[in-house]
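Enquirer: For reference, the structure I am asking about is given below.
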Amino acid sequence: MATSSIKAIPIMAIPSFNVCHNLELLKEQGKSLDPKRQEGEREEEGLSYEFQEMLESLPKERGWRTRHLYLFQGFWCQSKEIQAIMSFQKHFKPLQNDVVIATIPKSGTTWLKALTYTLLNRHRFDPVSSNTDHPLLTSNPHDLVPFFEYKLRLNGDVPDLFGLASPRTFATHVPFGSLKDSIEKPGVKVVYLCRNPFDTFISSWHYTNSIKSESVSPVSLDEGFDMYCRGLIGFGPFWEHMLAYWKESLKRPDKVLFLRYEDLKQDIESNLKKLASFLAVPFTEEEERKGIVKAIVELCSFESLKKLEVNKAGQSIKNFENRHLFRKGEVSDWINYLSPPQAERLSALVDDKLGGTGLTFRYC
Ligand code: PAP
């Protein structure tokens, strides 16, 4: 499995002294540690004192599943993500054939990871259903295609990624502006998956309320919707995230492929073939005759992945159960949740921010 050879080399041995020292200081200053505050401390647990000072200088707002979202390099994210992104930006060395899957959360990342992994490894791991050894049957896609900003860089670790099978395949939610310098190398390809903002919002709202820690109060639909429309969502504002990748895909179509979740739902086979051609691993006629395209589609389908034991009971990202990654997998579920005025507000916002850019969506 690709991730098994990743060795973590700690760079920022986080001195527990700093955390303790911080708490001591607070006590000295007479600040009471109420439950909410303690949750905040847990959120920032393992972050160095210097880093916490830097955090304090950033604008912050109420978070969805942690107490705060911070405005970092022009987008909103959680404290631990900032630490991981800084480590990634400092240390990541791209290789010529690297593939990067980029999304804003809840756009179909898990699906695209499964498709890309199975496609690129189809000669090592036969995707036909009789092959019971396929890694996707026992590993969640997030374990096969790691995010730059999560598992790989937890606690500021610098993983050794040189031994990974080529092409190395990574994923990220980081906006293009904060990613581009780190992946600047001829031959690196980016695949962006975009989902209509209405369904992305509903999916995010369900997900964050399912996985948030008990000590953070749930975000109501109305509150979350208002935050989303103000751009306050992880790696948002969503319109800036989508637009930057959209523009880059127009400018460099050989380097950035822009896919839409709704198109994949409508015609997965031709989109999978498009992905294969873009990654320079097109299907041969013989492969098509043998049913390899259909086998990949089937193996990576929502229904197949959802019923696997690893996706019913496993955890890929610490404390997050895989089952929450497979909710409904449909287009237009937003209709069941948003009121007409909310739909109007989001529609007007999309027109305002993305109108005239050529970036359009299908909502049902
Ligand atoms: P992530 O950003 O946390 O990785 P991501 O995989 O992008 O999440 O999004 C999850 C959404 O993709 C869920 O949508 P829903 O809440 O509207 O149901 C999930 O159901 C959907 N999804 C996951 N796997 C698939 C798949 N194989 N096919 C289609 N949709 C899928």
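Enquirer: Mind checking whether some residue in segment 181-192 is within 13 Å of the chain's Cα centre (by Cα), within 16 Å of the ligand (Cβ to nearest atom) and open to solvent by 10 Å² or more (accessible area, probe 1.4 Å)?
Expert: no
Enquirer: Next up: (1) closer than 22 Å to Thr116 by Cα; (2) in contact (Cβ under 8 Å) with a residue 12 or more places away in the chain; (3) among the basic types (Lys, Arg): which one isn't true of Lys312, the others all being true?
Expert: (2)
Enquirer: Within segment 279-294, is even one residue touching a strand residue (DSSP E or B) at 6+ places or on another chain (Cβ under 9 Å), free of Cβ contacts under 8 Å to residues at least 24 places away in the same chain, open to solvent by 30 Å² or more (accessible area, probe 1.4 Å) and of a type in the set (A, V, I, L, M)?
Expert: Looking for residues that are touching a strand residue (DSSP E or B) at 6+ places or on another chain (Cβ under 9 Å), free of Cβ contacts under 8 Å to residues at least 24 places away in the same chain, open to solvent by 30 Å² or more (accessible area, probe 1.4 Å) and of a type in the set (A, V, I, L, M), one finds at least one in segment 279-294, hence yes.
Enquirer: Restricted to segment 210-220, and to residues that are among the polar types (S, T, N, Q) and not in a helix (DSSP H, G or I), which residue is nearest to Ser332 (Cα to Cα)?
Expert: Of everything passing the filter in segment 210-220, Ser220 is nearest to Ser332 (Cα to Cα).
Enquirer: What is the residue count in segment 57-116 for residues that are out of contact with any Gly (no Cβ under 7 Å at 6 or more places or on another chain), hydroxyl-bearing (Ser, Thr, Tyr) and under 19 Å from Ala171 (Cβ atoms)?
Expert: 5
Enquirer: Further question: Please specify each residue of segment 82-107 satisfying the condition of being of a type outside the set (A, V, I, L, M, F, W, C), touching a His at 6+ places or on another chain (Cβ under 8 Å) and over 18 Å from Asn209 (Cα atoms).
Expert: Thr103
Enquirer: If you check every pair at least six apart or on different chains, which have Cβ atoms under 6 Å apart with a residue in segment 98-122 that is among the small types (Gly, Ala, Ser) first and a residue that is in a loop (DSSP other than H, G, I, E, B) and near the ligand (Cβ under 6 Å from one of its atoms) second?
Expert: Note: pairs meeting the criteria are Ala114/Cys300.
Enquirer: On the basis of being surrounded by fewer than 20 Cβ atoms within 10 Å (Cβ to Cβ) and not aliphatic (A, V, I, L, M), does Pro237 make the cut?
Expert: no
Enquirer: Name every residue in segment 99-110 that is touching a helix residue (DSSP H, G or I) at 6+ places or on another chain (Cβ under 7 Å) and either more than 12 Å from the ligand (Cβ to nearest atom) or under 18 Å from Val310 (Cβ atoms) (or both), in order of residue number.
Expert: Val99, Val100, Thr110, listed by residue number.
Enquirer: I'd like the full set of residues that are within 13 Å of the ligand (Cβ to nearest atom), open to solvent by 70 Å² or more (accessible area, probe 1.4 Å) and either of a type outside the set (S, T, N, Q) or touching a Leu at 6+ places or on another chain (Cβ under 8 Å) (or both), limited to segment 313-336.
Expert: Passing the criteria: Arg323, Arg327, Lys328, Glu330, Ile335.
Enquirer: Within the group Tyr207, Tyr245, Tyr192, which residue is within 17 Å of Ala171 (Cβ to Cβ) and outside any helix (DSSP H, G or I)?
Expert: Result: Tyr192 is the single residue among Tyr207, Tyr245, Tyr192 that is within 17 Å of Ala171 (Cβ to Cβ) and outside any helix (DSSP H, G or I).
Enquirer: Let me ask something additional. Say whether the condition of being modelled with pLDDT of 95 or more and assigned to a loop (DSSP other than H, G, I, E, B) is met by at least one residue in segment 40-50.
Expert: No: segment 40-50 contains no residue that is modelled with pLDDT of 95 or more and assigned to a loop (DSSP other than H, G, I, E, B).
Enquirer: Hey, another quick one. Take Pro141 and tell me if it is of a type outside the set (Asp, Glu), surrounded by 20 or more Cβ atoms within 10 Å (Cβ to Cβ), in contact with a strand residue (DSSP E or B) (Cβ under 6 Å, 6 or more places away or on another chain) and under 20 Å from Phe235 (Cβ atoms).
Expert: Criteria not met by Pro141.
The values are calculated or read from the model by the stated rules, or taken from the named source; none is laboratory data. What you see is a predicted model, and the numbers here were worked out from it, not measured in a lab. Using ideal geometry, Cβ is built from the backbone for each residue, glycine included, and neighbour counts are taken over all protein chains shown. In case anyone asks, the SASA skips ligands and DNA or RNA and just uses the protein heavy atoms, side chains included. Shrake-Rupley method; radii C 1.70, N 1.55, O 1.52, S 1.80 Å.
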